[in-house]
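Heads up: the structure comes next, in structure tokens.
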Amino acid sequence: MTNHYNDLQNCDVFLIMGSNAAENHPIAFKWVMKAKERGAKIISVDPRFTRTSARADFYTSLRSGTDIAFIGGMIKYILENEKYFKDYVANYTNASFIVDEKFDFNDGLFSGYDPATRRYDRSSWSLKKDNNGLPERDLTLQHPRCVFQLLKKHYSRYDLEKVSDITGTPVEDLKTVYEMYSSTGVKDKAGTIMYALGQTQHTTGVQNIRTFCIMQLLLGNIGICGGGVNALRGEPNVQGSTDQAILFHIIPGYLSVPQASLKTLDDYLKRITPKSADPRSANWQQNYPKYAVSLLKSWFGENATKENDFSYSWVPKIDDGQDYSVMTTFDVMWDKKIKGLIVIGQNPACSLPNANKIRTAMTNLDWFVHMNIFDNETASFWKGPGMNPKKVKTEVFLLPAAASMEKAGSMTNSGRWVQWKYKAAQPPGDAISVGDIVYRIMSKIQDLYKKEKGTFPDPIVNLKWDYADEKGWFDPMKVAMEMNGRFLEDVTIGGRTYKKGECVPSFGLLQADGKTSSGNWIYCGGFTPDGTNLAMRRKKDDPTGLGLFPQWAWVWPVNRRIIYNRASVDLNGNPYNPKRPLLAWVDGKWVGDVPDGPWPPMADLQNGKYPFIMKPDGVSSLFGPGLVDGPFPEFYEPLEGPLSKNLLSKQLTNPAIKLFSRSCDPVAGCDPRYPFVMTTYTSTEHWCTGGGTRWASWLTEAMPQVYVEMSEELAQMKGIKNGERVKVESTRGSLTCVAMVTTRFRPFKCGDQVIHQVGMTYNYGWLFPKDCGESANLLTPTVGDANSMTPEYKAFMVNVRKV
Amino acid sequence: MVDTSLCTACRGCQVACKQWNELPGTKTKQTGTYQNPQDFSAFTWKLVRFAEGKNGNGKPYWYFFSDMCRHCMEPPCADTIQGLVKDGVIRDESTGAVVYTSKTKSIPFEKVRSSCPYDIPRQNLKTKVMAKCTMCIDRIKNDRLPACVTSCPTSAMVFGDRSQILAKAEKRVAELKKNYPKAMALNPDDVRVIFIVTDDPEKYWKHASV
């Protein structure tokens, strides 16, 4: 989240789209209701009327996978009706920047596309710089090649009728949503986006979020109280795990993962460190060498020296351009190229697309280690439906793990709050924390390598691995301090001397010369020099009255509760919204939240800086050349969709997605055998695949068995009655479940076509309870977003029939 | 007070009731609704009822009714039980809580059930003891809120002194009427658990109101 959970109470208009917050973030919804009590309006846009929709002021539906068309239409509406926040757009975004002449967009394709590789040469997607290296700008926004005009041109095609024909949303409803939401494009109103996996789990997932960003920037809704683009993360610590680099493209603190072609530390640092010639741009990423070197010092301790490039050569590198996503990993496993697998607290046999393929691929493993608090369909894959245990060669180890309340540590919520929690109970039986399991395994590996050497022992034997307490147990506090970082020798900065061993109190003090360590620069500052853990703070003072609670726990970065907050003030540092002054420049200093940098307001031409300090140009990107599939979001149909034509261009699906072509991964778009759009989701009562919650009798009592929701119209057409058993099948798999015939799904009228959509939860699996039914992921396709490889769980095609 | 206009049907209350009162999860089946268990039982004293349909504009509605004993001002079930067996029911003076005792096992269940206008009482089929919400009298007497109330994320349920709750209900209904002309409190003079609805009560549940 750019903002944080209880800041939702400051919002005036909510657009909840791609999130079912009331069901999947029930506690967060407390703040939404609080805002509603104050008079805020809630808009719910969802293919299905949900428990969120039930509390909304306005509900409308859209066909799964058509979000870019829906929001693209809103961008057009905002621009053409001049609903945008002019000062904000001109000063704080790249609207005024001039785009390279070679950049072009034609019938669904941006310039530079190579159909053979399905990749873009992005060199023409650039912003022009003058002879001094400064961006060329036209602050009147009239230049035909400025971002603002190109944006206007791009979305001019997204007219109401066309958007309605694509999305199936009635024109009147589109108008209502556009009008309600764009009312926040003024100084004293805030609009927020609440989204979740309903936006990300598409082949255009990242671009879905980009459309939100563009819309929010046009309305001046970023960096303000009650605004923002707010990803509601799922598992309570999923933000923390992302921060610690659970994904394959990053290392801790969102630094890029080193690639094989970047042979030296210098090569790597050059690649990750953007340059800006503009003295008014803070270009914070210019500090990345400090963070990368401090990270290497954290990993390899004294063994990382200036002479050995701080051990950069020991860091594993990814092959250039290779994706290491879960779908690809299991694809390679299918091909028998992976021998061993460790899965921690996940249930891929039920959670990954085309689960039959996943389960079969696992039989190719020699060994498989699973850590969990319960048995699940993944741990027991070898005895699942259709498996002959005698023929599965895989040796499986199920290690009993401690549950979250049986261990101490930090949890980072969606709002970036790092909150320390305490162990409440002893884990049962032989269960120990995953931290302990991993710590012991790696210690043993280190011992073995020390004893027996090996092909390349250096990274392992030289790894700093000293996170046990005096009794040999994994010590989460030691890890937290390591993440924060320490001074490794006495260092004097700005007249103050920090002693060797003291915690570094801010990432502004990290060094690129090996004198500091930090396992994750964004967490640097969570400890004071004397080692006080600020994540343990529980003070409820709220001096601004805006719900910032600056002394409750600690928030990355540097306890800043709302990021990009200097965009909430005008050029003179006066809050745009005096009713909710997040920040103000008073008597030569900032008052309110921790500002995004100490510099004075931009009216100070000498020392003022642009507010978007993490962007090299200092402003936010309406034109965003960093993604692989286009600098402006463009609508494409899902890989498996109901239509044979994209009404906006000749390009039916996202041209930059990776296609999986094995026979086990068939695709059946616009196929009469699979005529209905399917979307998958979760319920309040279960958590993800239900691997934990299905064992809780009160929850299974409330949501006992798998079901498919469908409209009364579809049920009538197929002769299905509510509560009857039906078969749901895609070209990849099938399952039987209970039909839930409901008024909450309605057929879509897309042009002259009527399209039916159905939906089901993926909360179930064959293991327990025995009669609960199978995973919806037997049906889903192996395909992901072009940038992130997040699977397209939200839109694909099925058939439903009576059994 | 149970304000259905704030309820998200998360069913935290339904589970919290079972947790505090040590009631088991029963074996259920999916029958084509989110509502489960289908009805009250000796093991389910708090139940979120789901009701859906289409509004005049063709758009869906989905109403949630977190059903429970109303702890009536003049509880007819208590009269019935008292008429049949001594000490079968306790009426707590300070709270008005109506609590059944194990002596209810000796009397005809249907007489008690049919005396309740809200169809609340249920019977344990094995022990024959009758059961329903106790207002968490054990918690209240120890200065704690009822379990269901503590679990509610949106404060759809609040608990307090009757005069304050009545004033709150009146104020809330007046606010809601601006957008929902049919908003009302259900039987506020007769019950201690006051529901607030924004549409005809029978659209929520046939026994929502008397």
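For A:ARG662 and A:ILE27, what does the FRET efficiency come to when R0 = 35 Å and r is the distance between their Cβ atoms, rounded to the nearest 0.05?
Numbers: r = 42 Å, r/R0 = 1.20.
E between A:ARG662 and A:ILE27, to the nearest 0.05, is 0.25.
Per residue, the convex hull spanned by the alpha carbons of region A:498-575 comes to 127 Å³.
Only beta bridges with both residues in chain A are counted; by DSSP, about 55 percent of them are antiparallel. For region A:574-661, the Stokes-Einstein estimate of translational diffusion at 4 °C and a viscosity of 1.567 mPa s comes to 75 µm²/s, using the Kirkwood hydrodynamic radius over alpha-carbon pairs. Taking every Cα-Cα distance in region B:99-160 and sorting them into 10 Å bins starting at zero, the pair-distance distribution P(r) comes out as 20, 37, 31, 12, 0 percent. Average 1/r across all pairs of distinct alpha carbons in region B:1-119, invert it, and you get the Kirkwood radius: 16.4 Å.
So what does the Cα-only Debye profile of region A:635-737 read at q = 0.23 Å⁻¹, as log10 I(q)/I(0), no solvent term? Treating every Cα as an identical point scatterer, log10 I(q)/I(0) equals -1.25. Projecting the Cα atoms of B:ALA169, B:ALA208, B:ILE120 onto the charge dipole of region B:95-210, computed from C-beta unit charges around the Cα centre, puts B:ILE120 farthest toward the positive end. With q set to 0.20, 0.24, 0.28 Å⁻¹, the log10 of I(q)/I(0) for region A:203-255, from the Debye formula over equal scatterers at the Cα positions, is -0.92, -1.02, -1.01. Rounded to the nearest 0.05, the FRET efficiency derived from the C-beta distance between B:LYS141 and A:ASP771 at R0 = 45 Å is 0.60.
The distance from the alpha carbon centre of region A:16-76 to that of region A:418-439 is 37 Å, rounded to a whole number.
Where the centroid of each part is defined by its Cα atoms, how far is region A:334-382 from region A:159-232 in Å? The distance from the Cα centre of region A:334-382 to that of region A:159-232 comes to 38 Å. When all alpha-carbon pairs of region A:456-601 are counted, what percent fall beyond 20 Å? So the pairs more than 20 Å apart make up 59 percent of the total in region A:456-601. Simple spin-label estimate for A:PHE248 and B:LYS103 gives 7.1 nm between the two label positions (7 Å along the Cα-to-Cβ direction from each Cα). With helices as the sole contributors, chain A gives -6000 deg cm²/dmol at 222 nm; each DSSP H run of n ≥ 4 counts as -39500 (n - 2.57), and the sum is divided by every residue.
Measuring r between the beta carbons of B:GLN164 and B:GLU202 and using R0 = 35 Å, the FRET efficiency lands at 0.75. Using equal-weight Cα scatterers in the Debye expression, the normalised intensity of region A:1-122 in log10 at q = 0.17, 0.22 Å⁻¹ is -1.04, -1.25. Only one residue of A:GLY494, A:MET717, A:MET614 has its Cα farthest out toward the positive end of the dipole of the protein assembly as shown, where Lys and Arg carry +1 and Asp and Glu -1 on Cβ, and that residue is A:MET717.
In order along region A:256-270, phi translates into HN-Hα couplings of 5, 6, x, 9, 4, 6, 8, 7, 10, 4, 4, 4, 5, 5, 4 Hz, rounded to whole numbers, per the Karplus curve 6.51 cos²θ - 1.76 cosθ + 1.60 with θ = phi - 60° and x for Gly and Pro. Throw me the Rg/Rh for region A:130-248, computed over C-alpha atoms with Kirkwood Rh, two decimals. Checking Rg against Rh, the ratio lands at 1.02.
Along its first, second and third principal axes, ordered by size, region A:220-306 spans 46, 39, 25 Å in Cα coordinates. Over chain A, Cα pairs under 8 Å with separation of 6+ residues give a relative contact order of 16 percent. Semi-axes of the equivalent ellipsoid for chain B, computed as √(5λ) from the eigenvalues of its C-alpha gyration tensor and ordered from largest down, come to 28, 20, 17 Å. With the alpha-carbon atoms of region A:569-613 aligned to their principal axes, the span from lowest to highest coordinate is 29, 20, 17 Å, starting with the largest. Label sites at A:LYS451 and A:ASN388, each approximated as a point 7 angstrom past Cα along Cα to Cβ, lie 4.0 nm apart. For trypsin sites (Lys or Arg not before Pro), the sites in region A:247-284 that DSSP calls loop and that have at most 12 other Cβ atoms within 10 Å are A:LYS275. On a C-alpha basis, how far is the centre of region A:674-692 from the centre of region B:135-177 in Å? Whole number, if you could? Cα centres, region A:674-692 to region B:135-177: 34 Å.
Helix B:12-21 and the longest principal axis of the Cα set of chain B meet at an angle near 10°.
Direction-averaged projected area, Cα convex hull, region A:523-622: 7.7 nm², rounded to one decimal. A 1.4 Å probe over all protein chains sorts A:LYS337, A:LYS128 by accessible area into A:LYS337, A:LYS128, starting with the largest.
Over chain B, Cα pairs under 8 Å with separation of 6+ residues give a relative contact order of 26 percent.
Radius of gyration over Kirkwood radius for region A:545-700, both on Cα atoms: the Rg/Rh ratio is 1.16. Among B:LYS18, B:LYS54, B:LYS46, determine the one that fluctuates most according to a GNM of chain B built with springs between C-alpha atoms less than 10 Å apart. Maximum among the listed residues: B:LYS54.
What is the antiparallel percent of DSSP beta bridges lying wholly in region A:7-155, to the nearest 5? Please list the in-between numbers first.
Numbers: 8 of 16 bridges.
Just about 50 percent of them are antiparallel.
Put a dot 7 Å past the Cα of A:ASP458, heading toward its Cβ, do the same for A:ALA512, and the two dots end up 2.2 nm apart.
Shown here: region B:17-80, whose C-alpha atoms stretch 45, 33, 20 Å along the first, second and third principal axes, sorted largest to smallest. Once the chain from A:ASP107 to A:GLU713 is taken as fully extended at 0.36 nm per residue, the excess over their C-alpha distance is 214.6 nm. Overall dimensions of region B:108-210, expressed as equivalent-ellipsoid semi-axes from the Cα gyration tensor (√(5λ), whole Å, largest first), are 27, 20, 11. Volume per residue of the convex hull around the Cα atoms, evaluated for region A:405-460, comes out as 124 Å³. Gain on full extension, evaluated as 0.36 nm per residue between A:ASN287 and A:ASP87 minus their Cα-Cα distance, stands at 69.0 nm. For the protein assembly as shown, the orientation-averaged shadow of the C-alpha convex hull comes to 43.1 nm² (one quarter of the hull surface).
Fraction of C-alpha pairs exceeding 17 angstrom in region A:328-381: 27 percent, rounded to a whole number.
Remark: the A:ASP266-A:LYS423 segment gains 52.2 nm on full extension, using 0.36 nm per residue and subtracting the alpha carbon distance. The Cα atoms of region A:338-460 define a convex hull whose projected area, averaged across directions, is 10.7 nm². Given region A:461-545, report the % of alpha carbon pairs whose separation exceeds 20 Å. Tail of P(r) above 20 Å: 41 percent of Cα pairs. Pairwise inverse Cα distances across region A:238-357, averaged and inverted, put the Kirkwood hydrodynamic radius at 16.8 Å. Sorting A:ARG673, B:ARG172, A:ARG746 by solvent-accessible area of protein heavy atoms yields A:ARG673, A:ARG746, B:ARG172, largest first, with a 1.4 Å probe.
The values are calculated or read from the model by the stated rules, or taken from the named source; none is laboratory data. Note that the coordinates shown come from a computational prediction; the quantities given were computed from them, not determined experimentally. With ideal geometry, Cβ positions are generated from the backbone for all residues, glycine too; neighbour counts draw on all protein chains shown. Note: areas computed on protein heavy atoms with side chains; ligands, DNA, RNA excluded. Shrake-Rupley method; radii C 1.70, N 1.55, O 1.52, S 1.80 Å.
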